[in-house]
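Undergrad: Input: one structure, supplied below.
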Amino acid sequence: MIRYFALFLLGVPFLISCSDGDGGLAKKTGDKVGRVITDFAGGMGKGIDKQMLVKAELSDELTKKGLAMSVSKQDSLAEKSIVLYLIASKEFNGRLLAKAINDQGLEVGRSTTQLKLAKDEAKYVYFKFHKEMDAQLVKSYQVSLL
């Protein structure tokens, strides 16, 4: 990326000196470079968003109580935290337990939170894990009723 930016900076004086008087060539080149940078930044953002996704599952007990989940990702603002977007088809009030599970199916961390949702309400729910937990060991999260 730095190499392309350096080439761009070196090429700008050349393009300006080759202008046809009204800046036509420079304008066209600037427009093209702007589109390329925008496309690159957009693609990079999508890649970062996908990297933040985590595998999480709600227990059968929670789904029977009317909870559904549409998004599960790492919390970008807090280290060792995940955020789930939960939707209630029925009123729900209870304490949730999220377990961090490694690739051998063993628990490596846990977090709890209180959740109260009215029927047809939805919200982001945060689980903050202990600072000692190694998030790189986590393969999935299991969320259940405590």
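All of the numbers you see were taken from the coordinates with simple rules; none came from a lab. Predicted model, so just to flag it, every value in this text is computed and none were measured. Glycine gets a Cβ as well: all are built from the backbone with ideal geometry, and neighbour counts include every protein chain shown.
Undergrad: Please sort 110-116, 66-72 by packing, taking for each peptide the average over its residues of neighbouring beta carbons within 10 angstrom, highest first.
TA: Highest to lowest by the protection proxy: 66-72, 110-116.
Undergrad: Could you tell me the relative contact order of segment 56-145? Use alpha-carbon pairs under 8 Å, at least six residues apart, and round to a whole percent.
TA: So the answer I get is 36 percent.
Undergrad: Once the other residues with Cβ under 11 Å from the Cβ of Leu145 are scored (Lys, Arg +1; Asp, Glu -1), what is the net sum?
TA: Neighbourhood net charge equals +1.
Undergrad: Let me ask another. Kindly flag which residue pairs out of Lys64/Lys139; Lys73/Lys131; Lys90/Lys131; Lys80/Lys119; Lys119/Lys139; Lys64/Lys131 have an alpha-carbon separation exceeding 27 Å in this structure.
TA: Check vs 27 Å cut-off fails for Lys90/Lys131; Lys80/Lys119; Lys119/Lys139; Lys64/Lys131.
Undergrad: I've got another one for you. For Glu61 and Thr113, calculate 0.36 nm times their separation in residues minus their Cα-Cα distance, and state this gained length in nm to one decimal.
TA: Length difference between fully extended and current span is 17.1 nm.
Undergrad: Something else now. Please compute, over every Cα-Cα pair in segment 56-145, the percentage with a separation greater than 15 angstrom.
TA: Tail of P(r) above 15 Å: 55 percent of Cα pairs.
Undergrad: Please give the length that would be gained between Leu145 and Lys131 if that part of the chain were fully extended, namely 0.36 nm times their separation in residues minus their C-alpha to C-alpha distance (nm, one decimal).
TA: Using 0.36 nm per residue and subtracting the Cα-Cα distance, I get 2.7 nm.
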